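Trainee: Starting off with a structure, shown below.
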Amino acid sequence: MESSPRSGRNGISERAQVAKADAQFWGRAPHLRPDEIAALAIGKDPVAMQNLEKSGDVNSCEDFSAYMAVKFLVDRAIETNDLSPPIRPNQMIEWMDSLFIEVPADFRNVVESIYPVRDYRALCRALFAKANADDEKIMQLRDQMKKLIEEREADVREFSEWSDGVLDTMDELHDTLLTLQEQIQLMEAEASTELPTPEFANDNNEATNTILLSDLDPRAVTSLQKIIVGLAIAFRGYSPLSESNERPTSKELESVLAEVGLNLNWKTIEKVLVEARVRLSEQGLLKPWK
């Protein structure tokens, strides 16, 4: 049976020897067995813990249950290849750090002075710190996104209200346009059914909208022009061969017509006389009158 240099003669004779592992000795071991790892993990002498386990006197060590728990974890780690024998002391510490199992300080110091040990605890702390920072950043992004969504929802509501108003206005304008089109069609229909009433002059003494004699049948025009010129000659001494007395004659005729209730603008009378004079002269129907 193996025994460490610091254990008792039979490996279990003294309780203090069972309770304390020789960190300097075991920290320099080339490799460690699963039961040795379990004992060193709780700071106990590996050989003494083996003897205690074989003797069945487990009550003499109050940490025996902790020893068995770590030994169970080591066996399972070997089965899953998380630990691969031969297991060096630094590998034991790295594995325990990954499970956040506290390693006795004196044993850690010896091992770290001999073997390079990856500090999983520092790595985990850094990862936890980064995770916390990421969580905080995620929370900030969530808050920003929530605020942005609320702003966009407000914009959408405002745009929806504005667009509804525009649509209502467009509907009103469309109805107004249809009404105007109907009114225009009615006005056009009414205008197409009205016939113009020909007249020599309107009743407001204006010389506008006058239908001249030249617009009528030529023979009727000649007859009317003879009557007009003849009356002007007979009543007012009008000379159709002289252009200088047409305006005075037209104004005198306007006064005579007004006396009997016929309103006719002198300009209209003058136009008719001029037209009659020119046309009758072209036909050779005029001669000097005394």
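The values are calculated or read from the model by the stated rules, or taken from the named source; none is laboratory data. Keep in mind the model is a prediction, meaning the values are calculated, not measured. Note: ideal-geometry Cβ built from the backbone for every residue, glycine included; neighbour counts use all protein chains shown. Side chains are part of the model used for accessible areas, which takes the heavy atoms of the whole protein and leaves out ligands, DNA and RNA. Shrake-Rupley method; radii C 1.70, N 1.55, O 1.52, S 1.80 Å.
Trainee: Among what's in region 19-41 and is open to solvent by 20 Å² or more (accessible area, probe 1.4 Å) and touching a residue at least 60 places away in the same chain (Cβ under 8 Å), pick the residue that is nearest to the chain's Cα centre (by Cα).
Mentor: Looking at residues that are open to solvent by 20 Å² or more (accessible area, probe 1.4 Å) and touching a residue at least 60 places away in the same chain (Cβ under 8 Å), I get Arg28.
Trainee: Among the residues of region 95-126, how many are surrounded by 12 or more Cβ atoms within 10 Å (Cβ to Cβ), free of Cβ contacts under 8 Å to residues at least 40 places away in the same chain and assigned to a helix (DSSP H, G or I)?
Mentor: 9
Trainee: Hey, can you tell me all the residues within region 62-94 that are open to solvent by less than 30 Å² (accessible area, probe 1.4 Å) and among the charged types (D, E, K, R)?
Mentor: Within region 62-94, just Glu94 meets the criteria.
Trainee: Let me ask something else about it. Which members of region 170-221 meet the condition of being at pLDDT below 80, among the hydroxyl-bearing types (Ser, Thr, Tyr), surrounded by 10 or more Cβ atoms within 10 Å (Cβ to Cβ) and out of contact with any Phe, Trp or Tyr (no Cβ under 7 Å at 6 or more places or on another chain)?
Mentor: Thr208, Ser214
Trainee: Given the options Ser84, Ser65, Ser55, name the one that is hydroxyl-bearing (Ser, Thr, Tyr) and under 22 Å from Pro30 (Cα atoms).
Mentor: Selected residue: Ser84, the only one of Ser84, Ser65, Ser55 that is hydroxyl-bearing (Ser, Thr, Tyr) and under 22 Å from Pro30 (Cα atoms).
Trainee: If the requirement is being of a type in the set (Val, Ile, Thr) and over 23 Å from Ala29 (Cα atoms), which of these qualifies: Ile138, Ile42, Ile93?
Mentor: After ruling out the rest, the residue left standing is Ile138.
Trainee: What's the number of the only condition in (1) at pLDDT 90 or above; (2) part of a helix (DSSP H, G or I); (3) in contact with a helix residue (DSSP H, G or I) (Cβ under 9 Å, 6 or more places away or on another chain) that Gln50 fails to meet?
Mentor: Single failed check for Gln50: (1).
Trainee: Taking the options Pro288, Pro248, name whichever one is of a type outside the set (Lys, Arg) and at pLDDT below 75.
Mentor: Pro288
Trainee: How many of the residues making up region 57-87 are free of Cβ contacts under 8 Å to residues at least 12 places away in the same chain and among the basic types (Lys, Arg)?
Mentor: Qualifying residue count for the region: 1.
Trainee: Test each condition in (1) at pLDDT 80 or above; (2) closer than 30 Å to Phe25 by Cβ for Lys147 and report the one that comes out false.
Mentor: The number of the failed condition is (2).
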